[in-house]
């Protein structure tokens, strides 16, 4: 699996319909399909780039109601998967970078851009559960690397007008790590 696709919907019914369309259109794997906070629905799929692109395009073109955001990320960074699952194994905080977004889709894109931009380790990608529909990514590494990564990811979210905040903490207390994982 080298590509991710996601559709984020305002409607739960339309979200389930989108998931079904994506699965019937192409040979893709459903990674996550669920309701998320504030009554939204998201479906995350994976597979080969062409299949994922075809599946996402078909759902977006078929459903004219409720699409908040969507993406296809070709050649997704392999650190994205454990960060979404919350199993990255980070044991030590060097510096801490955080990007917070109003949408799940833009945040996953930002996390991918961040980890590709600099030598950082993702800690977690948290997706809209108990967050009022928002999402955030945390990462660690040397201050300069974290700064470059946060700037790269935040720029992508800012282009969509969905950036809530971005923060870089140079010498975080280690207790913060316990609160993140």
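Rule-based calculations on the coordinates, nothing more; no lab input. The model shown is predicted, which means the values in this text are computed figures rather than measured ones. Because the Cβ atoms are built from the backbone with ideal geometry, glycine has one as well, and the counts that use them run over all protein chains shown.
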Can you give the helix-only mean residue ellipticity at 222 nm for the chain, where every DSSP H stretch with n ≥ 4 adds -39500 (n - 2.57) and the sum goes over all residues, rounded to the nearest 500 deg cm²/dmol? -12000 deg cm²/dmol
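May I ask you to compute the full-extension gain from residue 167 to residue 129, defined as 0.36 nm times their residue separation minus their alpha-carbon distance, rounded to one decimal in nm?
That works out to 11.6 nm of additional length.
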For region 115-160, what is one quarter of the convex hull surface built on the Cα atoms, given in nm²? 3.4
Percent relative contact order for region 3-74, counting Cα pairs under 8 Å at least six residues apart, stands at 47
Here D for region 80-180, in µm²/s, from Stokes-Einstein with a Kirkwood Rh over Cα pairs at 20 °C and 1.002 mPa s, works out to 166
If you find the alpha carbon centre of region 53-87 and of region 4-22, how far apart are they in angstrom? 10
I need the calculated FRET efficiency for the pair residue 34 and residue 62, taking r as the beta carbon distance and R₀ as 30 Å, to the nearest 0.05. 0.90
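State, to one decimal in nm², a quarter of the convex hull surface area for the C-alpha atoms of region 3-74, i.e. the direction-averaged projected area.
With the hull built on Cα positions only, its mean projection is 3.8 nm².
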So, with points 7 Å from each Cα along the Cβ direction, the residue 77-residue 10 label distance in nm works out to 3.2
Take every Cα-Cα distance within the chain, group them into 5 Å bins from 0 onward, and report for each bin the whole-number percent of pairs it holds. 1, 10, 18, 21, 20, 15, 9, 5, 2, 0
